[in-house]
Amino acid sequence: MLSSSRKMSRSATIFQVLLVFTTIVAQTQWASVWGMYCEDLTASVERPHSASITDFGAVGDGATLNTKAFQNALFYLNSFAKKGGAQLFVPAGRWLTGSFSLISHLTLSLDKDAVILGSTDSSDWPVIDALPSYGRGRELPGKRHQSLIFGSNLTDVIITGSNGTIDGQGAVWWDWFHNHTLNYTRPPLVELMYSTRVVISNLTFINSPFWNIHPVYCSQVLAQHLTILAPISSPNTDGIDPDSSTNVCIEDCYIRNGDDIVVIKSGWDEYGISFAHPSSNISIRNITGQTRNSAGLAFGSEMSGGISDVRAEGIRIVNSVHGIRIKTAPGRGGYVKNVYVADVSFDNVSIAIRITGNYGEHPDDRNVAGHPRG
């Protein structure tokens with residue numbers, strides 16, 4: 001019999017060759033498009049106006065709630081949106097806050113010793129409508145909590161720093177999940193909706209209550225030089241989840257968490273089908289990570305709007321169950337096509353590639369095409 005390491009090596013090699021062979025035409029069709037917008041997003045952006053969160057009364061002692069300071073700062077800086085934009089600087093300190101919403105033409109910049117702390121009081125995370133492509137909260141019927149850093153219908157947004165930290169303090173949320181005492185779906189750390197030209201770079205994200213970074217219905221998104229950490233036992237702490245989004249680059253990241261490291265989504269069952277916003281033109285490069293029962297690179301299971309033209313290179317996964325996984329279910333609809341994967345390394349990974357066609361977890365209880373939901 002082959003040793004486990006030799007089995008893994010052989011599986012990974014076969015997987016790589018097959019995917020490269022079946023998608024070489026798609027690679028030539030869209031790779032040049034990616035190069036154009038990725039380079040544009042990494043160009044430096046000068047903001048002629050700047051303010052510090054301390055200018056609005058914030059206290060970085062880890063105990064004072066600074067939600068109003070963030071909200072007031074962004075309200076003030078919005079007056080410069082048509083004058084070249086503005087920067088909000090977060091200096092060294094521990095800045096406790098509830099959810100706040102960003103504005104267009106903004107750079108949110110963290111000092112290397114700055115920590116934005118999510119409040120452990122759920123009332124500091126507003127409850128908002130379900131995503132139209134999901135039809136309800138992902139975990140519970142009805143609405144969901146707003147992410148710690150939120151934005152909708154924005155243009156030209158940068159969240160960056162010298163490796164500053166955004167800490168969701170998610171342990172209390174994980175306990176509510178395990179104890180079945182949640183009232184609404186848990187919030188991500190960062191969620192931007194219907195937005196374009198988004199950069200998230202040079203930061204550390206830790207202990208998210210739920211998914212970490214969730215661009216949904218977005219275009220031209222760059223997630224670069226990020227460290228994303230959560231206990232591998234933490235529930236549903238996905239790393240980066242481009243969802244019904246196009247022209248997305250994810251590169252040079254280290255992710256260790258309790259769910260998929262990078263997962264591409266596009267809505268859930270009939271809601272995703274009717275909303276019809278696919279995910280496409282997605283580049284994933286130089287990702288290193290560790291998860292537990294999930295995958296290094298995943299597609300779905302919410303993929304009802306379709307997923308296409310995905311290129312992944314330089315994927316390094318260790319001590320995990322799955323390397324690459326495609327997840328769907330009866331009645332889900334959608335498609336996954338034109339996927340190119342190369343330069344993959346798995347160390348102590350049990351399953352190199354897994355395709356699951358009966359994943360379950362439907363938003364409604366009624367049957368789909370004769371298949372019971374759930």
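The values are calculated or read from the model by the stated rules, or taken from the named source; none is laboratory data. All of these numbers come straight from a predicted model, not from anything done at the bench. Here the Cβ is made from the backbone with ideal geometry for all residues, glycine too, and neighbour counts use every protein chain on show. We work out accessible area using only protein heavy atoms, side chains counted, and drop any ligands, DNA or RNA first. Shrake-Rupley method; radii C 1.70, N 1.55, O 1.52, S 1.80 Å.
Points worth noting:
- Sequence of Asp55, Asp124 from largest to smallest accessible area, 1.4 Å probe: Asp55, Asp124
- What region 294-369 shows is 37 Å² of accessible area per residue, with the surface traced by a 1.4 Å probe over protein heavy atoms.
- Here each label is just a point 7 Å from Cα along the line to Cβ, and for Asp121 and Glu361 those points are 3.2 nm apart.
- Where region 96-201 is the region considered: accessible area per residue in Å², 1.4 Å probe: 34 Å²
- If R0 is 41 Å, the Cβ-Cβ spacing of Val59 and Arg292 corresponds to a FRET efficiency of close to 0.65.
- Protection proxy ranking of 215-224, 148-157, 239-248 - average other beta-carbon atoms within 10 Å, highest first: 239-248, 215-224, 148-157
- Helices in the chain, meaning DSSP H runs of at least 4 residues, each add -39500 (n - 2.57). Divided by all residues, the mean residue ellipticity at 222 nm is -5500 deg cm²/dmol.
- Heavy-atom accessible surface of region 53-356: percent carbon and sulfur, 1.4 Å: 49 percent
- Probe 1.4 Å, all protein chains present, accessible-area order of Glu191, Glu139, largest first: Glu139, Glu191
- Nearest-ten-degree value, helix 67-77 long axis tilted from longest Cα axis of the chain: 80 degrees
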